1. Would a scan of region 14-36 turn up a residue that is within 17 Å of LEU88 (Cα to Cα), touching a helix residue (DSSP H, G or I) at 6+ places or on another chain (Cβ under 9 Å) and outside any strand (DSSP E or B)?
2. Can you name every residue in region 34-47 that is at pLDDT 90 or above and loosely packed, with under 13 Cβ neighbours inside 10 Å?
3. Determine the pairs where a residue that is surrounded by 14 or more Cβ atoms within 10 Å (Cβ to Cβ), located within region 1-27, has a partner that is at pLDDT below 85 and of a type in the set (Lys, Arg) with Cβ atoms under 6 Å apart, the partner being 6 or more residues away or on another chain.
4. Can you go through LYS10, LYS85 and tell me which one is of a type in the set (D, E, K, R) and assigned to a helix (DSSP H, G or I)?
5. Which members of region 71-92 meet the condition of being among the charged types (D, E, K, R) and loosely packed, with under 15 Cβ neighbours inside 10 Å?
6. Name every residue in region 90-123 that is out of contact with any helix residue (DSSP H, G or I) (no Cβ under 8 Å at 6 or more places or on another chain) and at pLDDT 85 or above, in order of residue number.
7. Any residue at all in region 5-22 that's small (Gly, Ala, Ser) and over 22 Å from ARG103 (Cα atoms)?
8. Any residue at all in region 93-105 that's touching a residue at least 60 places away in the same chain (Cβ under 8 Å), farther than 19 Å from ILE16 by Cα and surrounded by 19 or more Cβ atoms within 10 Å (Cβ to Cβ)?
Amino acid sequence: MILSVQPGSKTELIDITSKIQDAVRASGISDGFCMVYVPHTTAGITINESADPSVKSDILMVLNQIVPWEADYRHLEGNSPAHIKSSLVGVSKLIPVEKGQLRYISADKHCCLPTNAHSVFAE
């Protein structure tokens, strides 16, 4: 199943937990695993806390400090920071499913780090 994600800025964390859960529900799986994969070299997927919004801000702040948008990059498309951030964060997660529900700590959310990407696969 393909999930659509519409980024609003160069680097952001978008909560896609409900979209992943909907995909699991639609698949009819009861127990097993859900593989979430971002098929772009300029986006990634992470699981992290959502109870405190400052965690999200801190993650973005550090990623942007480590990989600034303005630097002496050589890639002609001008999106080297997106490629680097994707490599750091990773492009897939394997999430346990029990009784048709994603299993994770209640405060955790599945967040997509889009930079140029617009879709995510959940299978």
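1. No, region 14-36 contains no residue that is within 17 Å of LEU88 (Cα to Cα), touching a helix residue (DSSP H, G or I) at 6+ places or on another chain (Cβ under 9 Å) and outside any strand (DSSP E or B).
2. MET35 - this is the single residue of region 34-47 that is at pLDDT 90 or above and loosely packed, with under 13 Cβ neighbours inside 10 Å.
3. From region 1-27, the pairs are THR17/LYS109.
4. Numbers: LYS10 fails: assigned to a helix (DSSP H, G or I).
When all the criteria are applied, what remains is LYS85.
5. Taking region 71-92 first, the residues among the charged types (D, E, K, R) are 72, 74, 77, 85.
ASP72, ARG74, GLU77 - these are the residues of region 71-92 that are among the charged types (D, E, K, R) and loosely packed, with under 15 Cβ neighbours inside 10 Å.
6. Residues satisfying the conditions are GLY90, VAL91, SER92, LYS93, LEU94, PRO96, GLU98, LYS99, ARG103.
7. Let us first name the residues in region 5-22 that are small (Gly, Ala, Ser), namely 8-9, 18.
From the residues that got through so far, the ones that are over 22 Å from ARG103 (Cα atoms) too are 8-9.
Yes, region 5-22 contains at least one residue that is small (Gly, Ala, Ser) and over 22 Å from ARG103 (Cα atoms).
8. Narrowing region 93-105 to residues touching a residue at least 60 places away in the same chain (Cβ under 8 Å): 94-102.
Those still in the list that are farther than 19 Å from ILE16 by Cα too: 99.
This time we only want the ones that are surrounded by 19 or more Cβ atoms within 10 Å (Cβ to Cβ), so: none.
No, region 93-105 has no match at all.
The values are calculated or read from the model by the stated rules, or taken from the named source; none is laboratory data. Bear in mind that the values here come from a model prediction, so they are computed numbers and not experimental data. Cβ sites come from the backbone with ideal geometry, for glycine too, and all protein chains shown count toward neighbours.
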